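Structure, as structure tokens:
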Amino acid sequence: MVLLDVKSLRVSFETLRGRVRAVDGVDFTLDRGQILGLSGESGCGKTTAALSLLKLLPSNGTIDDGSILFDGEDLRKTDDNRMRELRWKKISIVFQGAMNALDPVRTVESQIVEAITVHETTSKTNAANRAKELFRLVELDPERGRSYPHELSGGMKQRVMIAMALACRPELVIADEPTTALDVMIQANILKLLARLQKELNLSLIVISHDLSVLAQICDRIAVMYAGRIVENARTTDLIAHPAHPYAVELIRAIPPLRGERRQLQSIPGTPPDLLNPPLACRFSDRCQWKQDRCTTQDPVLREIASEHVAACHFPR
Amino acid sequence: MFESVAKRLFGLQGGQLNEFWNQYRQSKLALAGLVVILCYVILAISASQIAPYNPFVPSYDILQQPSSSHLLGTSEVGNDVLSQVIYGSRVSLIVGFVAASVSLLIGTAFGLISGYYGGIIDVVITRITDIFLVIPTLPLMIIMAAILGARLSNVILVVGLLGWPSTSRIVRSQTLSIRERPFIENARTIGSSERHIIFRHILPNVMTLIFANAVLVVNYAIISEAILSFLGLGDVSQISWGIMLYFAFRSGALSSGAWWYVFPPGLCLVSLVLSFAFVGRALDAIFNPKLRKIQ
């Protein structure tokens, strides 16, 4: 059952140099209880796309086109009050950089209590009890609630942020780079935690990461973004085993293999196009080693290349 | 009680309070300053018990040298100078603390509002702050005091209403920085109200700065009161160190060699203000680690 259906979403930022089309026609759907990974390099629009779902764009950003159907309701058309209700109660977010997303001079429990009392008329004690439950849920000692953020490690802070995101029992949680800045062991723990919470609470998750290997561990589907667009969207196993878009192919090639012969890691030469003036051609054509004439004259659209596997390439691999 | 206040206001915990005290102890001057201030506070509270004479009652022993019956001599109308100095600490401290509170309240409110909301509100408040910073305070204070009349409450009002711009500036700049931190964005996303964000997130984060600045504002208030009183704009029905100096000057005490009438209030003022300055400097060094000496 489809929970979230995003259609031809376009988001742009008004800057001094002109209008930057950060998200330029993004389509994807998310089923209930599904984990979707959004991947791509810095500046490709992953975070912008996610923030526009919550309508939390910076003041110079606007949603220009498209629709965001959440549980049948078009979020693009909802007013601010309704949006404030939906945020946290239905859709919540774990912000990028958990290290700074907690108020340094207040205990972490009081900040979770704040999230609860803003949305529900309940007593402080009830909210505090719920906060303790949430701590247990994310495998933290409830006593830790009395700590200040500087007394917690990075992984613990990330758990607090996840607990905070779950405070009002949302249906959809967006995790923006949930494992960035954590060491590999802690990364694995946080990913396991997210996967467990998804099952236990039947959550739907959107996980944003530039690291395909992180997404591959927990996601049902992965969408690869490039220069403001989704270039490939497939089941995780299909994407990893049979990437179709040259960009996805190269991304997967850049993951160091644990087994097998040692080889030089590949990087993709070149830089993404300027989103102030995106070219009327395949946006990856400048960097594509399989480029043909058609790629520089015609902009490819997402099309099905296998069952539940779409890619935006004239000549999929 | 002190600990719970510290916790609520600054988010300090027991351990942090100890750490704070350990750092504070490092500075001998700061410790001395604290002791001097506490002495004056005790003096002010128990003035009626400690003072040997009623400082308001004149006698026939005018301008007498210090002796065993009058340890600091007498004034031009025969008041006991020691008793006057003791009672004088009351007005100086009251004006210092109350006027400073008024200034801090106005300055903090303006700073928070202009820093948080920005835009046209910020421009207006910042310009007003600039005007107050540029106008020479003393003449303005004299004019205001003269218009309002010589009453203690008016002195407090005048000093308090003119002492806020520095606080406002400091709070504004810190608010500007904190407003952009991720945890504020997080609070906004959660749906916290603006009031909640300002009072529960931003204010506690600027509190240490306000606290370090408060000491300097108290100093400014004490000196301003003394200046106004010395110029004859103080409340002469009260005794303050400034008012003592005013009467000493008017009666020509210094030219007639009555040093015991001039020096005590003057030295008291200097030592109190200096003590506050030492405490302020120590707090600044603790709250702003950049100023700390490398060990």
Checklist entry - Which residue, chosen from A:Val23, A:Asn100, A:Met83, occupies the Cα position most advanced towards the positive end of the dipole of region A:22-126, where the dipole is computed from +1 (Lys, Arg) and -1 (Asp, Glu) charges on Cβ about the Cα centre? => result A:Asn100
Checklist entry - Nearest-5 percent of antiparallel DSSP beta bridges in chain A? => result 65 percent
Checklist outcome for this item: Nearest 10, in degrees from 0 to 90: the angle of helix B:14-25 to the longest Cα principal axis of chain B is 50 degrees
Item to check | R0 of 22 Å, Cβ-Cβ distance B:Leu133-B:Leu231: FRET efficiency to nearest 0.05 | outcome: 0.50
Next on the checklist: Report the gain in length on full extension from B:Phe211 to B:Glu180: 0.36 nm times residue separation, minus Cα-Cα distance, nm rounded to one decimal.
Outcome noted: 8.9 nm
Item to check | Modelled FRET efficiency - R0 60 Å, A:Leu265 with A:Ser123, Cβ distances, 0.05 increments | outcome: 0.60
Checklist entry - Do the sum for chain B: with -39,500 (n - 2.57) for every DSSP H run of n ≥ 4, divided by all residues, what is the mean residue ellipticity at 222 nm, to the nearest 500 deg cm²/dmol? => result -23500 deg cm²/dmol
Checklist entry - By what distance, in whole Å, do the Cα atoms of region A:169-234 stretch along each of the three principal axes, largest value first? => result 33, 28, 17
Checklist entry - Dipole of region A:221-301, Cα-centred, from +1 at each Lys and Arg C-beta and -1 at each Asp and Glu C-beta, to the nearest 20 debye? => result 300 debye
Checklist entry - Of the cross-linked pairs A:Lys7/A:Lys199; A:Lys7/A:Lys124; A:Lys77/A:Lys192, which ones have a Cα-Cα span greater than 32 Å in the structure shown? => result A:Lys7/A:Lys124; A:Lys77/A:Lys192
Next on the checklist: Compute the distance from the alpha-carbon center of region A:78-136 to that of region A:49-72, in whole Å.
Outcome noted: 21 Å
Next on the checklist: How big is the dipole moment of chain A about its Cα centre under a simple scheme where the beta carbon of each Lys and Arg is +1, that of each Asp and Glu is -1, and everything else is neutral? Debye, nearest 20, please.
Outcome noted: 280 debye
Next on the checklist: If R₀ is 56 angstrom, what is the calculated FRET efficiency for the pair A:Asn189 and B:Ala146, using the beta carbon separation as r and rounding to 0.05?
Outcome noted: 0.20
Checklist outcome for this item: Semi-axes a, b, c in Å (a largest) for region B:99-256, each sqrt of 5 times a Cα gyration tensor eigenvalue, come to 39, 14, 12
Next on the checklist: What does the charge count around A:Ser204 come to, taking other residues whose C-beta lies under 9 Å from its C-beta (Lys +1, Arg +1, Asp -1, Glu -1)?
Outcome noted: -1
Checklist entry - Taking N as the number of residues in chain A, what is its alpha-carbon radius of gyration divided by 2.2 N^0.38 Å? => result 1.03
Checklist entry - Just going by the charge dipole of the protein assembly as shown, with Lys and Arg at +1 and Asp and Glu at -1 on Cβ, which of B:Gly252, A:Ala131, A:Leu38 is farthest out on the positive end? => result A:Leu38
Checklist outcome for this item: Under the rule rounded for a/c under 1.5, else prolate if a/b exceeds b/c, else oblate, using alpha carbon gyration tensor axes a ≥ b ≥ c, chain B is classed as prolate
Checklist entry - How far is the Cα center of region B:67-118 from the Cα center of region B:178-197, in Å? => result 39 Å
Checklist outcome for this item: Hydrodynamic radius by Kirkwood for region A:179-312, inverse mean 1/r across distinct Cα pairs, in Å, is 16.6 Å
Next on the checklist: With 18 Å as the cut-off, how large is the P(r) tail for region B:203-280, expressed as percent of Cα-Cα pairs?
Outcome noted: 50 percent
Checklist entry - With charges set only on the Cβ (+1 for Lys and Arg, -1 for Asp and Glu), what does the dipole of the protein assembly as shown come to about its Cα centre, in debye to the nearest 20? => result 580 debye
Checklist outcome for this item: per DSSP, antiparallel bridges as share of beta bridges in the protein assembly as shown, % nearest 5, sits at 65 percent
Checklist entry - Over all residues in A:104-111, what is the mean tally of Cβ atoms on other chains that come within 10 Å of each residue's Cβ? => result 5
Checklist entry - In degrees between 0 and 90, to the nearest 10, how far off the longest principal axis of chain B does helix B:165-179 point, with axes built from Cα atoms? => result 20 degrees
Checklist outcome for this item: region A:230-272 scanned against label point 7 Å out from A:Glu41 along Cα→C-beta; backbone N under 16 Å for A:230-232, A:246-255, A:265-272
Checklist entry - Around B:Gln174, with a cut-off of 13 angstrom between Cβ atoms, what is the net charge of the other residues, counting Lys and Arg +1 and Asp and Glu -1? => result +3
Next on the checklist: To check my understanding: the extent here is largest minus smallest coordinate of the Cα atoms along each principal axis. What are those three numbers for the protein assembly as shown, in Å, largest first?
Outcome noted: 113, 50, 49
Next on the checklist: What's the whole-number percent of alpha carbon pairs in region A:1-157 lying beyond 26 angstrom?
Outcome noted: 41 percent
Next on the checklist: Can you give me the distance in nm between label points at A:Asp80 and A:Ser213, each placed 7 Å from the Cα along the Cα-to-Cβ direction?
Outcome noted: 4.5 nm
Next on the checklist: Given a 10 angstrom Cα cut-off, can you work out which residue in B:Trp21, B:Trp241, B:Trp164 is the most mobile in a GNM of chain B?
Outcome noted: B:Trp21
Item to check | In nm, spacing of pseudo-spin labels at B:Gln49 and B:Ala277 (7 Å Cα→C-beta vector) | outcome: 3.3 nm
Checklist outcome for this item: So, with points 7 Å from each Cα along the Cβ direction, the B:Val124-A:Lys89 label distance in nm works out to 3.5 nm
Checklist entry - Any idea what diffusion coefficient region B:146-201 gets from Stokes-Einstein, in µm²/s, Kirkwood Rh on alpha carbon pairs, 25 °C, 0.890 mPa s? => result 175 µm²/s
Checklist entry - So which residue, out of A:Arg21, A:Arg169, A:Arg84, gets the largest mean-square fluctuation from a GNM of chain A using Cα contacts under 10 Å as springs? => result A:Arg84
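Every read-out reported here was derived from the displayed coordinates using simple, explicitly stated rules and does not represent laboratory data. Computed from a predicted model, the values in this text were never measured in an experiment. Don't worry about glycine lacking a Cβ; one is built from the backbone with ideal geometry, like all the others, and counts go over all protein chains shown.
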